[in-house]
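Everything below concerns the one structure shown next.
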Amino acid sequence: MKSRAVILVVALCALLGAGVFSWWKVRAEDAPGPAGPPSAVPVARGTVPRAASPGVPGAAVTATPAPEAPLPPLPGSLQDTEEDGAVLVDASGHLVPSADLRRFFDYYLSATGEEPASLIRERILAALRAKKLPPAAMDEAVQVLDDYLSYLEAARGLASKGAAAPMDTAERLEALRKLRREHLGGAADGLFGQEEAVDAVAVERLKLQKDASLTKEERERRMAELEERLPPDVRASREEAVRPLRQRAVEQELLAAGATAEDLHQHRLSTVGPEATERLEALDAERAQWKQRLADFRAKREALGQSEPDPARRQAAVQRLLFDSFTPEERLRVEAADAIDAASGSGGG
C-alpha cells in the first residue's frame, strides 16, 4: 500500500500559519502521535470496499446515494490507500472528538474535486456504519461531520475575504479559532485543540523574534517558556527534531577548540551511542567526499574560464563538465551550492 499525505482543501493552505520542522534524525524512532482520553477506545476499523478499476466520477453533481446503496469505485487518489485516522468512543458509548477523527474525515475529503461533495459525505457515512458504532456515537459522528463540513465551507469564505483584506498570521488564526467554535461548538477543542496550541506558540515566537527591546538572553528565556506551553507529545517531537542541530553545533564548537577526530568520536559515543555515532561518521565521510567532488569540479570550471576565451564555447564546455561529473540530482545540489555562495558573496568559481 502506498502511503498517502492527506490534502484537505486548497484554500486552507493559505490559512494555516504555523509551520513545523522536518530534519534528518540521529535516532530513527518516530515520536508517538496524540493519544485519546484514557477512557476512549478506538472502534474496530470497518472494511471499506476497494475499487477494481481507477474510475473517477464526473464533475457533475449527482444525486446522493441511498444509505445502503452500493457506492461507485473509489476515486483515483484513494485507490490502494489505507484509511487514515480513527473514531474513538468513550466507555459510555459516546463519540470522542479528536484530531484522529478529523484525519478520518480528511482522508475522504482529500478527494474533493474528484467527486461531488454529496458522494464524499456518503462515503464517510458508509465508513462510519462499517465501524458498528454505538447508536449515540453514530448520531454524534454524523452531527460532527456535518458541522465540520459547514466549518470548511465557512473557512473557504474566510479565505476569499482575506484575499480582499489581507490579515496577518495572528489575525487569520484567531478568525479560524472563532469560526471553529461557531460551527463545531464543544467538538472544536477535540478536533483542533492541539493544533491551535502549537499555532499560538508559533505566533508568540514570531512576536519575540521581532521585539528589538529584548536582550538575547531574555528572548531565549521567553522562547523556552513558550515551549513549555506546548502539548507534551509535541514538545517531544520538537526536541527530537532539533537534537541533531544541537549535536552538530556542539561538535563545531569542539572542532573549533581543537578537538581531534578521536575526541569527536568519544563525544558522540557518550551522547548519542554507538549506532548513531556510526551513522554520523558515515555521514561525515559522505559530506567530505561531496565537498571534494564539488571542489574538483569548480577548479576545472575555473580553468575552463581562463583557457577558453569564447563565451559560447566556454559555456558549452562547462555544461559538458557538469553533466559528466554529476547525476541529475547532484546537478541540482551544485546549482544550489553556487546560488548560496553567490548570495553570501563567497564565490565558487
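The values are calculated or read from the model by the stated rules, or taken from the named source; none is laboratory data. Only a predicted model underlies this, so the values are computations on that prediction, with no experimental measurement involved. For neighbour counting, all protein chains shown are included, and Cβ atoms are generated from backbone atoms with ideal geometry for every residue, glycine included. Please note that ligands, DNA and RNA were not included when accessible areas were found on the heavy atoms of the full protein model with its side chains. Shrake-Rupley method; radii C 1.70, N 1.55, O 1.52, S 1.80 Å.
Here segment 280-316 is the region considered, the condition is being farther than 30 Å from residue 249 by Cβ, surrounded by 11 or more Cβ atoms within 10 Å (Cβ to Cβ) and acidic (Asp, Glu), and the residue that is nearest to the chain's Cα centre (by Cα) is 302.
Here is a yes/no grid of residues against (1) surrounded by 15 or more Cβ atoms within 10 Å (Cβ to Cβ); (2) assigned to a helix (DSSP H, G or I); (3) over 24 Å from the mean Cα position of the chain (by Cα); (4) not polar (S, T, N, Q):
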residue	(1), (2), (3), (4)
126	yes, yes, yes, yes
143	no, yes, yes, no
151	yes, yes, no, yes
170	yes, yes, no, yes
195	yes, yes, no, yes
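Taken together, 249, 288, 282, 236 contain a single residue that is hydrophobic (A, V, I, L, M, F, W, C), part of a helix (DSSP H, G or I) and within 30 Å of residue 190 (Cα to Cα), which is 236. Out of all the residues in segment 257-279, is one or more within 25 Å of the chain's Cα centre (by Cα) and hydroxyl-bearing (Ser, Thr, Tyr)? No, segment 257-279 contains no residue that is within 25 Å of the chain's Cα centre (by Cα) and hydroxyl-bearing (Ser, Thr, Tyr). None of 277, 215, 260, 271 is touching a Lys or Arg at 6+ places or on another chain (Cβ under 6 Å) and either at negative phi or surrounded by 14 or more Cβ atoms within 10 Å (Cβ to Cβ) (or both) except 277.
Consider residue 122 against the criteria (1) open to solvent by 50 Å² or more (accessible area, probe 1.4 Å); (2) farther than 16 Å from residue 103 by Cα: it satisfies all of them except one. Which criterion is unmet? For residue 122, the exception is condition (1).
In this structure, residue 190 does satisfy being at pLDDT 90 or above, farther than 30 Å from residue 282 by Cβ and of a type outside the set (A, V, I, L, M, F, W, C). Taking segment 317-336 as the range and being open to solvent by 40 Å² or more (accessible area, probe 1.4 Å) and over 37 Å from the mean Cα position of the chain (by Cα) as the test, only 320 passes.
Just to be sure before I move on: is residue 226 part of a helix (DSSP H, G or I), within 30 Å of residue 99 (Cα to Cα), open to solvent by 60 Å² or more (accessible area, probe 1.4 Å) and of a type outside the set (Val, Ile, Thr) in the structure I sent? Considered against the rule, which asks whether it is part of a helix (DSSP H, G or I), within 30 Å of residue 99 (Cα to Cα), open to solvent by 60 Å² or more (accessible area, probe 1.4 Å) and of a type outside the set (Val, Ile, Thr), residue 226 comes out as no. Per this entry, residue 156 is not counted among residues that are within 25 Å of the chain's Cα centre (by Cα), crowded, with 16+ Cβ neighbours inside 10 Å, at pLDDT 85 or above and among the basic types (Lys, Arg). With the condition kept exactly as written, say whether any residue in segment 301-311 is within 20 Å of residue 340 (Cβ to Cβ), among the acidic types (Asp, Glu) and at pLDDT 90 or above. Looking for residues that are within 20 Å of residue 340 (Cβ to Cβ), among the acidic types (Asp, Glu) and at pLDDT 90 or above, one finds at least one in segment 301-311, hence yes.
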